[in-house]
1. Does region C:353-361 contain any residue that is crowded, with 23+ Cβ neighbours inside 10 Å, touching a strand residue (DSSP E or B) at 6+ places or on another chain (Cβ under 7 Å) and assigned to a loop (DSSP other than H, G, I, E, B)?
2. Listed residues C:573, C:517; which is under 28 Å from residue C:85 (Cα atoms) and surrounded by 21 or more Cβ atoms within 10 Å (Cβ to Cβ)?
3. Checking the structure you have, find out if any residue of region C:523-537 is under 18 Å from residue C:350 (Cβ atoms) and in contact with a strand residue (DSSP E or B) (Cβ under 8 Å, 6 or more places away or on another chain).
4. Just wondering, is there one or more residues in region B:39-59 that are surrounded by fewer than 17 Cβ atoms within 10 Å (Cβ to Cβ), away from chain A (no Cβ under 14 Å) and more than 18 Å from residue B:144 (Cβ to Cβ)?
5. Show me the helices (runs of 4 or more DSSP H) found entirely inside region B:336-414 where at least 2 residues are in contact with a strand residue (DSSP E or B) (Cβ under 9 Å, 6 or more places away or on another chain) and more than 10 Å from chain A (Cβ to nearest Cβ).
6. Filter region C:60-72 down to residues that are under 18 Å from residue C:16 (Cβ atoms) and out of contact with any helix residue (DSSP H, G or I) (no Cβ under 8 Å at 6 or more places or on another chain), then give me how many there are.
7. Taking the conditions exactly as written (within 29 Å of residue C:459 (Cα to Cα) and assigned to a loop (DSSP other than H, G, I, E, B)), does residue C:292 satisfy them or not?
């Protein structure tokens, strides 16, 4: 499949533009993602409860307070929802055949029989159940301090989840950071805010003239794959 | 009164007779320009080589069709002209043709008394030698697979369907006789001239056209020979005169460009890329050098030495050129990478600088220069806009086998952005060509294939 | 019943580096050649085109350019008492898929082993005596010498197109190059790449300590380049998306830049994609291969491709797997140390020093895969094994190769991994860190080997290959030595903070973090059929018309990235086929 314009056939007579047969081809509209606000987003994978959980959890993992955008400003929950609805969520590329040993130590890699989408689906209610035991509330109803405590416990493996869910925290945290920093076309890093925050130029990927500018901070903001500029 | 009527009658009869003669008296065909023995045989491979030099494939092979079996539609403002089947099929091809008939097609543009539309560049081919024509004939008759393909008849609108009209056209178009007139130069220059004027038919694109759409300058000595032309609205560069790109190229660079479509400065695209792919890449080093030498000495310039081997294989390393004086300001602006830079410069950094660099010099033989580039600076910006939107490619050739492709940016840039970007490259690094409007971009975009 | 294709003179399994080299060199002999590639066709445009390729998530994290475990993977255990579990989602190593193979997504580092590494057992025996070789280490000499391979190292250098500076030209040491390298007959075809800021700081520190810095040798073009096939490269623009990504710029050396379009022009060469070879088929007397059986994924059927000559050019893991399922070479049994196929699996022993400089601006996204300055002062031929207590060595390199924020966010030790403190830390430290990497040798051991898994299968019903592998004391000791010495250099550079990452003695193999795609061994070269699967010409001892390419031939892994040796051995093997084998097909040893 060639990316180049197939050259016109040999026409022998010049004419100013009259020679070409015009067919009715669709106009190449310039498409960049239309902005969508978080409260208007309709999840493709998460249920309403799961969505509320992910909003609350990611908001603690990368909070809004302080310098720089948080998970919500960058639409990380949108990213995670889209990932779980797609090939990553269904572990399409992974070897998921059994037998499984989810009790295997973490350094053996992903060994739960659950794919990422199933993992979220099962781990969120299980984690909520633990929060209920501890505070008589679901995660989303806790104060931010309590939420941080809950996540810390989850991270340390103290939330007594079923072994097949033990990889949930690290997956959630990885997905959150992925959503924070990935190209905006994937749904997160809204407006390239995370890139602007740390000074990463995004998809420009061309710096030959800057190699020898030693110890000088590169000043130009990012560009995304679709061509958005900041 | 009666006398007047009689005179009128005689005049009418004379006119009718002249018309009838014009229509029905067979055209005198040109005799061979070399006397060859009846059993003369060309060297092995010569006929195929002439076919390549003349680029018969370009018109006589349809997309996905059998080689030389015709059926390619060639657009003209007067309608579509369908190329004929020149395989030796007896029913639908040229299997029954004699050498004389073949020569008449090549030199006089006549086939069985019928005139060919000058889509067939007999205006140029007529300078070819008898031995080349005969070798080509032998190749087509003996070495090409006969293919049964009845090509549809060309039907132009009235009065262009009256082929005898071409006889009049030929009186206007074909100035002088068809003898090749060698220049005052050495063997290499004359060989180059022979290829450029004849089989190469370079004037068919690189010379302007007269009002009657004949080539305005088919040979050295004609005022407008290779002075630049137009093809479907796209300008074809001049090969002579001040401002001609090749004036700045060495002979070796020109030979390399012809043979591979790429040199230190430029990469062929569009129609020229096709000419390289189907024709020029097959010429041997001696002939490519000869053509380059001729083109570089047409107006009496001194002959420049060029290496015997055109575009020799590596290993060789050539650094990307630095910005010259004319390019300094733009290179500095781009290098500064200031968030306040103008949008055109910003778009260039985000889309183009990766390959064409802040110097606008690209990289030798692989990314063309934008500074001083004929296509970038053309009066009509459509080719530049088309390349930005759709990309471009140069085919694999024997000496430079890499199929080099530039991707298009139609999905990433809207019309405003393309216009701003195109205007930027046309005015950066000392370039000085008019700005491009979004409307111009829109026009190119809507006529681009999906 | 498999469909049967028309017989070919040569069938090549896998169209990556070694398959492309085999194809273009053998095509010169006028042979009818077909290459079978499991994955898709790939070209710079459209598959690696800008800007779509510059997508850290898709290619850097979701690994879309790689072999998918769902199509093929291995099971892994650290020792014989563990049950091997599938490598389900990839981490430690990343095999490729598609035309070009790993040559598409590698970093470009292109080295030659030191001459001592090629005869390492003899070297150890001569200098310290064999008694220093630990129990269980299968230390061997390659059955070829550096001098024999030198013209082929050079040939691959020129075909691949590499940038750098020679340190030893025909025995004369050259200023600015690596003084400890093996001799070269020619300098690098392209000059070294320009230096980024971090590598100049490292260079200065090394010089001050009396070490010998030199530019990293890379298959990354510093100029426009034309190779002996007329293929072309463009100068690299330091885009910072090298490993895991195809190069959009024609700058990273790959089969796409060096060979493929030239190969496609050969009328006697064809290739088929979506064609996964399942087995090498054998004659009834077992002495020769008759061709291969592959699965045509487009037509969804098995196909038998008969051929006179079979060349296995798949990735090391897949080559060994193919040999095991095809019964070529007696499978290795670690208990008795007998058998050959699957023996001497090795990997790479790496470490790193991260340094934090509050006031320095590093622009980490400006880099390429072979960026940086190296030193070989702690390499194999510089270490006193007897005194230091290990056999091995490492090269060091400092130079940013990417600043991609998901994967390359270096933060000080003890930084919380989430929350407000994390968010503050990434702003504070992104662009203010640099690192020194040590890249060390890995010996072969009885304990580390490959065989067929008893439980898990691939989509075609073949058993997965099982990898039994763990770090061994010898290499971990070497690593700790590098930690000490690299830490010294780090200190000397006076960073605000330092963070060291070096596995210690007792470390267990963790399959999650990426640790190089330098899997070696499994079908090693040997002087006798009792010791290896192939002879010095990489010709199978068992079947004279089967030649096997790639790092599976390595008797142990060198301290360097393997590609230089892989390419040289490929040219060496094909040269032997052309000059010795074709006119009289037979066992060459």
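1. No; the residues of region C:353-361 include none that is crowded, with 23+ Cβ neighbours inside 10 Å, touching a strand residue (DSSP E or B) at 6+ places or on another chain (Cβ under 7 Å) and assigned to a loop (DSSP other than H, G, I, E, B).
2. Details: C:573 fails: under 28 Å from residue C:85 (Cα atoms).
Just a single option satisfies the conditions, and that option is C:517.
3. Within region C:523-537, not a single residue is under 18 Å from residue C:350 (Cβ atoms) and in contact with a strand residue (DSSP E or B) (Cβ under 8 Å, 6 or more places away or on another chain).
4. yes
5. Of the helices (runs of 4 or more DSSP H) lying wholly inside region B:336-414, those with at least 2 residues that are in contact with a strand residue (DSSP E or B) (Cβ under 9 Å, 6 or more places away or on another chain) and more than 10 Å from chain A (Cβ to nearest Cβ) span B:374-377.
6. Quick first cut of region C:60-72, residues under 18 Å from residue C:16 (Cβ atoms) only: C:63-68, C:71-72.
Next cut, out of contact with any helix residue (DSSP H, G or I) (no Cβ under 8 Å at 6 or more places or on another chain) only: C:63, C:67-68, C:71.
Going through region C:60-72 one residue at a time, the tally reaches 4.
7. On the way: within 29 Å of residue C:459 (Cα to Cα): yes; assigned to a loop (DSSP other than H, G, I, E, B): no.
Criteria not met by residue C:292.
Rundown of residues vs (1) within 30 Å of the chain's Cα centre (by Cα); (2) over 30 Å from residue C:157 (Cβ atoms), yes/no style:
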site: B:341; (1), (2): no, yes
site: B:346; (1), (2): no, yes
site: B:351; (1), (2): no, yes
site: B:372; (1), (2): yes, yes
site: B:375; (1), (2): yes, yes
site: B:385; (1), (2): yes, yes
site: B:394; (1), (2): yes, no
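The values are calculated or read from the model by the stated rules, or taken from the named source; none is laboratory data. As the structure is a prediction and not an experimental result, all values here were calculated from the model. Cβ: placed from backbone, ideal geometry, glycine included. Neighbour counts: every protein chain shown.
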